[in-house]
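Asker: This structure is in structure tokens; I'll ask about it shortly.
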Amino acid sequence: MEKRVVTSKILEQVKNEEEVFWINPRFKKTEETLNQAPYTYTDIQEAEDRFQRFAPFIQLAFPETKEREGLLESEITAIPSMKKWLADTYQTDLPGDFYIKRDDLLPISGTIKSRGAIYEVLKYAETLALESGLLKSTEENYEVFASEKFNLFFSKYNLTVGTTGNLGISVGAMGRALGFQVTVHMSEEAKAWKKNYLREREVEVIEHTTNFSKAVEEGRAASKADPKSYFIDDEHSEELFLGYTVGGYRMKELLAQEGIQVDADHPLFVYLPCGIGGSPSGITFGLKHAFGDHVHCFFAEPTKMPSMLIGLETQQFDQVSAEEFGLGNLTIADGLAVPRTSALVAKLMNHDFSGGYTLKDESFKALLTNLYQQENIFLEPAAVAGLAGPFKLLNTKAGQAYIQKHELEDKLPHATHIAWGTGGSMVPDKDRYDFIEQGQDSRLKTKTAF
Ligand SMILES: *Cc1c(COP(=O)(O)O)cnc(C)c1O
């Protein structure tokens with residue numbers, strides 16, 4: 001592996017596996033970035049409409065979605081005890097309110113992947129059904145997707161995906177419910193329970209002893225060789241991105257329902273766990289359409305795999321890998337274990353992310369265990385990354401500079417901070433206890449470079 005010449009101070013810290021807080025020097029006003037984006041509000045609306053069309057089918061196939069009439073959505077939960085614990089630990093007061101967005105409770109996969117991956121499977125199924133004439137129009141009642149006839153039709157097609165685990169669960173669960181054959185290429189991080197879960201649903205699981213980027217490469221090549229196979233490509237997929245945007249845009253209604261104001265005097269800060277970048281980017285895009293400049297979005301990554309951070313800082317996007325910095329070892333945050341970001345989303349978000357930060361494994365463990373102890377909420381390791389966000393923003397020089405630049409100082413008492421909880425409800429009890437146990441002796445790192 002060719003070693004990268006380190007060209008900035010922050011990259012030096014990144015290379016040393018220190019926790020950093022990064023402010024995006026290319027950040028621009030929402031109006032400017034949204035006008036230049038290749039996707040518009042109409043694309044978000046089309047994705048929303050498609051989720052709505054499929055809702056009757058989803059209710060039938062997954063009875064646990066009946067409560068929300070087949071829509072895959074989650075609530076927000078205030079976390080006052082965790083806020084206090086974090087404020088004490090970081091020795092930093094957090095004015096304003098602090099919530100977790102509960103995408104850990106999303107039905108079907110128990111992770112944020114229920115938005116992107118499931119959306120792509122639904123769109124592909126709809127396209128096939130329309131092309132074949134099996135579905136006459138998008139006006140039909142989509143309960144027909146649960147019929148024998150549709151199932152038999154889809155059983156001639158294969159869906160393939162490369163994953164650290166959760167993308168595979170989502171594609172596997174929805175793909176099999178529709179009748180598709182599904183093949184999942186798992187990277188070295190993938191947990192045993194995820195493989196078992198998929199095999200129980202007659203999904204073909206191919207285990208790789210290599211990282212995510214390699215698992216995707218293998219999956220893509222295998223799928224390409226089979227004309228009846230469709231590859232869900234986390235590295236390039238527009239559909240995954242568009243599925244996620246819906247989750248961001250729906251926050252407009254959700255926060256209004258909760259009586260939470262977002263405007264010039266009431267800023268919203270959102271902290272998003274980031275793997276390849278599809279979910280944080282899609283959510284950010286939807287949030288920007290909903291709240292414009294009043295929302296500030298930060299991505300959060302493991303120090304071992306800061307792929308978005310290095311992609312944006314070097315402006316090399318997917319042309320730079322964590323391995324070139326001597327990083328890339330296994331991280332506890334398995335859902336974020338992606339050494340190389342996606343060019344599609346990294347370029348798209350180049351001016352939209354306010355910034356990002358990294359966490360050591362030790363911090364992930366401490367956050368997980370203390371969240372459980374303070375709030376009785378279990379999130380999987382990747383999903384706790386957002387919890388450190390407000391404190392990194394407030395107790396770093398870079399964060400303070402951002403607050404000053406955007407004249408946010410006197411608005412902080414009316415601000416809302418949301419850590420996006422991206423997964424966890426499907427983790428089996430045994431694995432939960434192990435994670436909670438592991439974090440007992442872990443100390444949250446409270447020193448951040450910059
Ligand atoms: C996949 C995943 C993420 C990150 O999403 P990306 O699209 O890979 O950036 C965050 N948390 C969990 C639990 C995930 O499974």
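Asker: For Lys430, which aspartates and glutamates qualify as cross-link partners when the Cα separation must be under 18 Å and same-chain residues fewer than eight apart are set aside?
Answerer: Asp104, Glu189, Asp334, Glu380
Asker: Next question, about the same structure. Roughly to the nearest percent, how much of the accessible area of the stretch 1-130 is carbon and sulfur, given a 1.4 Å probe? Intermediate values should be presented prior to the final figure.
Answerer: Working: 2800 of 6000 Å².
The value for the stretch 1-130 is 47 percent carbon and sulfur by accessible area.
Asker: Between Glu217 and Glu407, what FRET efficiency comes out of the Förster formula 1/(1 + (r/R0)^6) with R0 = 45 Å and r the beta carbon distance, rounded to 0.05?
Answerer: On the way: r = 46 Å, r/R0 = 1.02.
It comes to 0.45.
Asker: Name all residues of the stretch 164-185 having a backbone nitrogen under 19 Å from the label point set 7 Å from the Cα of Ser132 along its Cα→Cβ direction, giving them as ranges.
Answerer: 172-183, by backbone N distance to the label point.
Asker: To continue, here is another question. What value, in deg cm²/dmol to 500, does the helix sum -39500 (n - 2.57) over DSSP H runs of n ≥ 4 give at 222 nm once divided by the residues of the chain? The partial results should precede the final answer.
Answerer: On the way: 18 runs with 195 residues, N = 450.
That calculation yields -13000 deg cm²/dmol at 222 nm.
Asker: For the stretch 106-122 and the stretch 308-362, compute the distance between their C-alpha centroids and round to whole Å.
Answerer: Centre-to-centre (Cα) distance: 22 Å.
Asker: Okay, which of the stretch 335-364 sit inside 19 Å, backbone N to the point 7 Å along the Cα-Cβ direction of Glu31?
Answerer: Backbone N within reach: 351-353.
Asker: Using Cα springs under 10 Å in a Gaussian network model of the chain, which residue among Thr163, Thr183, Thr92 shows the largest mean-square fluctuation?
Answerer: Of Thr163, Thr183, Thr92, the Gaussian network model singles out Thr92 as fluctuating most.
Asker: Which whole-number percent gives the relative contact order of the chain, counting Cα pairs below 8 Å spaced six or more residues apart?
Answerer: Details: 950 pairs, mean separation 102.8, N = 450.
Value for the chain: 23 percent.
Asker: Follow-up. For the stretch 136-244, which whole-number percentage of the solvent-accessible area (1.4 Å probe, protein heavy atoms only) is attributable to carbon and sulfur atoms? Write down the numbers at each step before the final one.
Answerer: Numbers: 2190 of 4660 Å².
Here it works out to 47 percent.
Asker: Which FRET efficiency, nearest 0.05, do Asp441 and Ala87 yield, Cβ-Cβ r, R0 22 Å? Present the calculation step by step, with values, prior to reporting the outcome.
Answerer: Values: r = 22 Å, r/R0 = 0.99.
Efficiency at R0 = 22 Å is approximately 0.50.
Asker: At 0.890 mPa s and 25 °C, plugging the Kirkwood radius over alpha-carbon pairs of the chain into Stokes-Einstein gives what diffusion coefficient in µm²/s? Working shown, then result.
Answerer: On the way: Rh = 21.9 Å.
Translational D for this selection: 112 µm²/s.
Asker: How large is the dipole of the stretch 143-283 about the Cα centre if only Lys and Arg carry +1 and Asp and Glu carry -1, each at its Cβ, rounded to the nearest 20 debye? Present the calculation step by step, with values, prior to reporting the outcome.
Answerer: Details: 14 positive and 20 negative charges, 98 e Å.
Dipole size: approximately 480 debye.
Asker: Moving on to the next point. Rank by packing, highest mean first: peptides 295-306, 335-346, 403-414, with packing defined as the count of other Cβ atoms within 10 Å averaged across residues.
Answerer: Numbers: 295-306: 28.8, 335-346: 26.4, 403-414: 12.8.
Sorting 295-306, 335-346, 403-414 by mean packing, highest first, produces 295-306, 335-346, 403-414.
Asker: State in Å² the accessible area per residue of the chain; use a 1.4 Å probe, count heavy atoms of protein chains only, and round to the nearest integer.
Answerer: 39
Asker: I've got another one for you. When the chain is fully extended, how far beyond the present Cα-Cα distance does Lys397 get from Glu204, taking 0.36 nm per residue of separation? Present the calculation step by step, with values, prior to reporting the outcome.
Answerer: Numbers: separation 193, 0.36 × 193 = 69.48 nm, distance 4.91 nm.
Gain on stretching Lys397 to Glu204: 64.6 nm.
Asker: Further question on the same structure: Helix 278-291 sits at what angle to the longest principal axis of the chain, using alpha carbons and giving 0 to 90 degrees rounded to 10?
Answerer: Taking the Cα atoms of the chain, the angle to 278-291 is about 70 degrees.
Asker: Could you give the C-alpha radius of gyration of the stretch 345-449 expressed as a fraction of 2.2 N^0.38 Å, taking N as the number of residues it contains? Please list the in-between numbers first.
Answerer: Working: Rg = 15.7 Å, N = 105, 2.2 N^0.38 = 12.9 Å.
Its radius of gyration relative to the 2.2 N^0.38 Å reference: 1.22.
Asker: Given the options Leu240, Leu105, Leu94, which has the most mean-square fluctuation in a GNM of the chain, springs set between C-alpha atoms less than 10 angstrom apart?
Answerer: Leu94
Asker: Might you work out the accessible area of Glu48 for me, using a 1.4 Å probe with all protein chains in place, and round it to the nearest 10 Å²?
Answerer: Glu48 exposes around 30 Å² with every protein chain in place.
Asker: Okay, moving on. Ignoring ligands, DNA and RNA, what percent of the 1.4 Å accessible area of the stretch 247-332 is carbon and sulfur? Provide the component values of the computation, followed by the final result.
Answerer: Working: 920 of 2250 Å².
The nonpolar share, carbon plus sulfur, comes to 41 percent.
Asker: Report the residue, chosen from Gly133, Gly386, Gly175, that carries the largest GNM mean-square fluctuation when the chain is represented by alpha-carbon nodes joined by springs under 10 Å.
Answerer: Taking springs between Cα atoms under 10 Å, the residue moving most is Gly133.
Asker: What's the magnitude of the charge dipole for the chain around its Cα centre, counting Lys and Arg as +1 and Asp and Glu as -1 at the beta-carbon? Answer in Debye, nearest 20.
Answerer: Values: 48 positive and 66 negative charges, 110 e Å.
The calculation lands at about 540 debye.
The values are calculated or read from the model by the stated rules, or taken from the named source; none is laboratory data. Bear in mind that the values here come from a model prediction, so they are computed numbers and not experimental data. Reconstructed Cβ throughout: ideal geometry from the backbone, glycine too, with neighbour counts over all protein chains shown. Ligands, DNA and RNA are excluded from the accessible area calculation, which covers all protein heavy atoms including side chains. Shrake-Rupley method; radii C 1.70, N 1.55, O 1.52, S 1.80 Å.
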